[in-house]
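No lab work stands behind these numbers, since they all come straight from the coordinates. Because the structure is a prediction, the values reported are computed rather than measured. In this analysis, Cβ positions are derived from the backbone assuming ideal geometry, glycine residues included, and neighbour counts consider all displayed protein chains.
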Amino acid sequence: MVGDMVLLQRGSGCRPSEVCNVRWCDIDPNDDIWVYEPFENKMEHKKKRRLIALREDSQTILEKYRHRPVEEFIFSPVETMRIISEQKRVARKTKVQPSQVKRSEKAHKKNSRLNNKYSTRAYERAIDRAAERAGVTAWSPNQIRHRFATNTDRNVSREAAMIALGHTQQSTTSNF
């Protein structure tokens, strides 16, 4: 799930908080390019709307989560833990022992304390852990946005990067 969050962010240039807050009720899928309008955004105090284009690659990622309820966050730590537990259960080679059942009940109580959405910090920690397991240098989710800005600026135009990132001034975009 975190890998899909990274891919969605990479394809759309959204902020880490915006990828954590994706819900189906905030997406308009009525065109070739879907539009995601986060329910809260960094510039809402200035009455500015934030519209994020979701192209075909982003749509393909999101389609995997079509089963999620419309009002709930698409990327959920609770759902991630459920999937991981299910995968472990399927991969089991031996019968579950009574002591393991008790441990499983404790784990269920622990999972009930998880949030229904990723915080930006939890998202960053998950990336750090994945990088460590892969043996690569850790990186920040904001670097994905910077990479998107750089690629769009080089391959399309500065104006396209500015619009995609939701900037109102070109000088903000050139700081990337």
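A few comments on the model shown:
- In this structure, the pairs whose alpha-carbon distance is over 24 Å, taken from Lys64/Lys88; Lys42/Lys117; Lys88/Lys117; Lys95/Lys117, are Lys95/Lys117.
- Working from label points 7 Å from Cα in the Cα-to-Cβ sense, the Glu132 to His146 distance is 2.2 nm.
- Theoretical gain in end-to-end length, Thr80 to Glu159 [0.36 nm per residue, Cα-Cα removed]: 24.7 nm
- Label-point separation, Glu72 to Ser17 (7 Å along Cα→Cβ), nm: 2.5 nm
- Sorting the segments 121-129, 9-17, 73-81 by their residues' average number of neighbouring beta-carbon atoms within 10 angstrom, most packed first, yields 9-17, 73-81, 121-129.
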